[in-house]
Amino acid sequence: MIRVGLSCGTEGYGAGNSPWRPSPVPPELIGLLGESPAGLPACAGHEAVRSSLHALGLDSDRFGTVDWNPLGSLVKPGARVVLKPNLIRHWNSEPEEGIACVITHGSILRAAADYAFLAVGPEGSVVVAEAPQQDCDWNEIKQIIGLDAIVADFAARGRELEVIDLRREAVHFRAGVIISREELQGDPKGYRAVDLGAQSFFQGSALDPRRFRGADYDPGPTTEQHLHGRNAYLLSETVLSSDLIINLPKLKTHKKTGVTLALKNLVGINGDKNWLPHHSVGCPEQGGDEYPQQRLVDRLRSHAFELVRPLLARGIGTSVVGLGRRLENRARGKRFVRSGNWYGNDTAWRMCCDLNRCVSYSDRDGLHLDASEPVRRTLTILDGILAGEGEGPLATREVPLGAVLAATDPLAIDLLAVRLMGFDENRIPKLMGPMKDALGPRITAIRSAADVRVMVLQPGQTKPSEKRLDEI
């Protein structure tokens, strides 16, 4: 059985501000953080992370003592840990909604960093690494979650929390059209091309790589990396060479894959998101998944956009296309399907699962697709205290779910999360594909929802209760 730790009943993230120190400091963290200053408000988000790790059963015999080290079985002293939050963008596209239901909260990241530093000790290192959406303002998103204050707080205690924007390029949009680009430093360790070849989730599908479209106007790189038996991704060397990845996704919906959660969050370790197939041109009758039905208006729109792609890639015609997009939104509204933003998208989920296979079977020495099981373990801590529903991942409405989930199997997290969201996992290919996967190498030990046990910890409880998914 695969366990998921569930801490529930948390009301918000707490009244404090960054650096989100716990109050009172639990006994295991006093050596790292010192005693709590008088009058410091409780940090509910931090406590919920602690409870989820306790519920998962990590180092359970020593819980509540100064020796409790929940990540000690996952990573050794002196090791390097990567924290991968979801910092997709610095604003919520849903009118009148805040950003807390879009991104990982700073208190969740802080708690993960505390326990990572505890595990690796003074000789180890911890780094926050993320490639947000191209138009995200990195300085703004750091301010929102209080990342600079967290870094400063650790520095005052002799620990360096490194922070890396993994993007090689940022862009600026106007009316949904890229109008300028900015070159970024990216990962100081560089990037690694990881080719799954025939062991990709695209293997055996009816999708034509020539129809693949990625995150930019030029479809060339997207097709080239998935043609003639190649299925390659350009991934962060910092992430792939680390000893432990702590995945810190947000619990929210997603227009292309149904839900974001653990599996989808690894999109943010890419150095070039145009290597990632997001959708396939055309409707299903044409071999694509860009839009649902073979309607004339959608066919004309798709054809027109394909014609202007080469011009937009050269920065030509951006004003005209932007005007056309505004007129289209005014005429059709903003809810019509484009760019594969619907439940029939058969492309994006395969890309997400490929990325998880790349990570599971890669280490600092390379790719090990012949291994009988994953060569690395990834701990996922899912922020569901304020969840997001609606037109995710960028336009979500706040749902006070009050939950933090923890597991070492990403699919276990995602299965529990969709149950909490009221969804049927059987209708989400991103979840069913890995469970039914016969080609391998497998990215999950789970073959059905019956393989998952949920260890639930309610407020005030000291021991979790065990439940099946059907009982949640």
Which residues, taken from the stretch 200-220, are of a type in the set (A, V, I, L, M) and either buried (at least 20 other Cβ atoms within 10 Å of the Cβ) or touching a helix residue (DSSP H, G or I) at 6+ places or on another chain (Cβ under 9 Å) (or both)? LEU207, ALA215
Looking at the stretch 174-182, is at least one residue under 20 Å from the mean Cα position of the chain (by Cα) and either basic (Lys, Arg) or open to solvent by 10 Å² or more (accessible area, probe 1.4 Å) (or both)? no
Among the residues of the stretch 26-59, how many are over 24 Å from ALA412 (Cα atoms) and assigned to a loop (DSSP other than H, G, I, E, B)? 11
Subset of the stretch 89-135, residues buried (at least 24 other Cβ atoms within 10 Å of the Cβ) and within 19 Å of LEU394 (Cβ to Cβ), comes to CYS101, VAL102, ILE103, THR104, HIS105, GLU130, ALA131
So how many residues does the stretch 54-86 have that are under 15 Å from LEU32 (Cβ atoms) and either under 24 Å from the mean Cα position of the chain (by Cα) or open to solvent by less than 10 Å² (accessible area, probe 1.4 Å) (or both)? 5
State whether one or more residues within the stretch 407-430 are open to solvent by 20 Å² or more (accessible area, probe 1.4 Å), in contact (Cβ under 8 Å) with a residue 24 or more places away in the chain, part of a strand (DSSP E or B) and touching a Gly at 6+ places or on another chain (Cβ under 8 Å). no
Report, by residue number, each residue of the stretch 10-27 that is open to solvent by 40 Å² or more (accessible area, probe 1.4 Å) and modelled with pLDDT of 95 or more. PRO27
Only one residue in LYS84, LYS76 is closer than 26 Å to SER52 by Cβ, assigned to a strand (DSSP E or B) and of a type in the set (Lys, Arg). Which one? LYS84
Exception for GLY384 within (1) more than 30 Å from GLN203 (Cβ to Cβ); (2) surrounded by fewer than 23 Cβ atoms within 10 Å (Cβ to Cβ) falls at (2)
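This table checks each residue for (1) free of Cβ contacts under 8 Å to residues at least 12 places away in the same chain; (2) in contact with a Pro (Cβ under 9 Å, 6 or more places away or on another chain); (3) among the acidic types (Asp, Glu).
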{"residue": "GLU290", "(1), (2), (3)": "no, no, yes"}
{"residue": "ASP298", "(1), (2), (3)": "no, yes, yes"}
{"residue": "ARG301", "(1), (2), (3)": "no, no, no"}
{"residue": "LEU312", "(1), (2), (3)": "no, no, no"}
{"residue": "ARG326", "(1), (2), (3)": "no, no, no"}
{"residue": "LYS334", "(1), (2), (3)": "yes, no, no"}
{"residue": "SER339", "(1), (2), (3)": "no, no, no"}
{"residue": "GLY344", "(1), (2), (3)": "no, yes, no"}
Per the filter on the stretch 136-165, residues under 23 Å from ALA100 (Cβ atoms), open to solvent by less than 20 Å² (accessible area, probe 1.4 Å), among the hydrophobic types (A, V, I, L, M, F, W, C) and outside any helix (DSSP H, G or I) are CYS136, LEU161
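The values are calculated or read from the model by the stated rules, or taken from the named source; none is laboratory data. As the structure is a computational prediction, the values presented were derived from the model and not from experiment. A quick note on method: Cβ atoms are made from the backbone with ideal geometry, for glycine too, and the neighbour counts reach across all protein chains shown. The accessibility values were calculated without ligands, DNA or RNA, using every heavy atom of the protein model including side chains. Shrake-Rupley method; radii C 1.70, N 1.55, O 1.52, S 1.80 Å.
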